[in-house]
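**Q** Quick one: structure below, then a few questions.
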Amino acid sequence: MASILAPDALGPTVCVGEILVEIVATTVGDGFREAQPLVGPFASGAPAIFISQCGRLGGQAAMVGAVGDDDFGRVNTDRLKRDGVDISAISIDPDYPSGSAFVRYRKDGSRDFVYNIATSAAARFGWSQVVSDLIDRSGHLHVMGSALSVPSARAVIDKAVDIVKARGGTLSVDPNIRKELKLDEDTERRFARLVAAADLLLPSGEELERAAGVEGEAAAIRRLFELGVKEIVLKRGADGATYFAHQGDRIDAPAFLVQEVDPTGAGDCFGGAYLTCRRLGMSPQQALTYASAAGARNVMVLGPMEGAGTRSELDAFIAATERRS
C-alpha cells in the first residue's frame, strides 16, 4: 500500500517546539511538596523525543526550537546531533535558561509535571533566515499539541504548514496536550485547523475524540476522515495500536511484552518510528511493527528518549520479544 506521506527524498521531517531537560523523582508519590532524590537531566521535550527517533531510524530529520547557553541546552543539542538530527535551526538564547520538566510518578502510574517552558529559552525562538531555509527544503512537518502552548512555536508552525504543503510535503499531528498545558480559545481553534489539514493523525486514547470533537471511537474516526485526515494511527498503550485508512482499511497491532520502567516518551518514539517508516516507503503493517517496538523498547529504560532505537536495534528487539496474543 503506497504511503500517503511525502517520501523522505523530498526533504527532512521537521519538528517545531519545546526542547527541555527532564529531571525525574526516584520516589513514587503525589507531586513535589517534600524533598526527595532526583535523577537527570535527560534530553526531553515531546517534539525533541519524536525527532530523535526519526533520526535514529535513518530518516532525514531536523528540529526548530531553542535552548539556553548552558549544560541543559548542550545535553539536548549533543544528543540530537548524535541521533542524526539537523540542529542548525535550534537557536541558543544567551539570556534565558533551557526549559525543564520535573516528573514524579504516582502509585497508579500517572504523572505529575512541573514545567518551566514559558519563562525559559524553550519559548524564545521564531521565524529566522535559518528556519526559513530549512522549511523551504522540508518534506514533512510534524506538530505536537504540546508545542501549541508556546506562542513562538505557534507562529513558526503557522507559516511552515503552508510552505511545506505548497511544495508537495505532508503534515502529521500528535494531539499530545497535557492537563498542565492549558490552551486558550484561539489556540484551540488553531489546533482544530491543524487536525483538519493533517495527512496523518497520531492520537492516544481520549485524544482521538478530542481531535474529532465527537464521542465514541467509530464516530470520531468517521468525523476525522470527513474533515480530510487521510490516515489515523491510534496508540493504545499496552493494548497495542490500530491503523485506520480513509478507504476503510484497518490493521490492529499487538503490543510487545516488556517490563515498564519509564513510560514517558513512548508515544513520541512510536510516532517518530511510524512516520519515518512510512516516509521511507514501508507498508502500514511494517511501520506499525517498528513503531510498536520503538515505544516498547523506550519504556524499558529510565529517561524519555534513552531507549529510542536504531533500525538494527529495533530489528533485534522485534526478533527477541514476544507480543500480546
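**Q** Let me check against my output: what whole-number percent is the relative contact order of the chain, with C-alpha pairs under 8 Å and at least 6 apart?
**A** It rounds to 19 percent for the chain.
**Q** Can you work out the base-10 log of I(q)/I(0) for region 28-73 at q = 0.34 1/Å, using the Debye formula on its C-alpha atoms alone?
**A** Result of the Debye calculation: -1.22.
**Q** Could you tell me what percent of the DSSP beta bridges with both partners in the chain are antiparallel, to the nearest 5?
**A** In the chain, approximately 45 percent of DSSP beta bridges are antiparallel ones.
**Q** Can you tell me the mean projection area, over all orientations, of the convex hull of region 52-141's alpha carbons? Units nm², please.
**A** The number I arrive at for region 52-141 is 7.2 nm².
**Q** Between Ala253, Ala46, Ile23, whose Cα lies farthest towards the positive end of the dipole of the chain when Lys and Arg beta carbons carry +1 and Asp and Glu beta carbons carry -1, centred on the Cα centre?
**A** Value: Ala253.
**Q** Calculate one ³J(HN,Hα) per residue across region 139-149 by plugging θ = phi - 60° into the Karplus curve 6.51 cos²θ - 1.76 cosθ + 1.60, and present them in order as whole Hz with x for glycine and proline.
**A** Running phi through 6.51 cos²θ - 1.76 cosθ + 1.60 with θ = phi - 60° gives x, 7, 10, 10, 10, 8, x, 4, 5, 6, 7 Hz.
**Q** Averaged across orientations, what area in nm² does the convex hull of the alpha carbons in the chain project?
**A** Mean shadow area of the hull around the Cα atoms is 15.6 nm².
**Q** Additional query: Looking at the chain as a GNM with Cα springs under 10 Å, which of Glu185, Glu22, Glu217 has the largest mean-square fluctuation?
**A** Glu185
**Q** So if the hydrodynamic radius of region 185-278 is defined as the Kirkwood radius over C-alpha pairs, what does Stokes-Einstein give as its diffusion coefficient at 4 °C and 1.567 mPa s, in µm² per second?
**A** Approximately 92 µm²/s, per Stokes-Einstein.
**Q** How far is it, in nm, from the label point at Arg111 to the one at Arg323 when both lie 7 Å from their Cα along the line to the Cβ?
**A** 2.6
**Q** A further question on this structure: Using a 1.4 angstrom probe on heavy atoms only, work out the carbon and sulfur share of the accessible area of region 169-253 in %.
**A** Carbon-and-sulfur percentage of accessible area, whole number: 47.
**Q** Net charge near Gly265, counting Lys/Arg +1 and Asp/Glu -1 over other residues with Cβ under 9 Å of its Cβ?
**A** Local charge sum for Gly265: -4.
The values are calculated or read from the model by the stated rules, or taken from the named source; none is laboratory data. All figures in this text were calculated on a predicted structure; none of them were measured in a lab. A quick note on method: Cβ atoms are made from the backbone with ideal geometry, for glycine too, and the neighbour counts reach across all protein chains shown. For the accessible areas, the whole protein counts, side chains as well, though only heavy atoms, and no ligand, DNA or RNA atoms are used. Shrake-Rupley method; radii C 1.70, N 1.55, O 1.52, S 1.80 Å.
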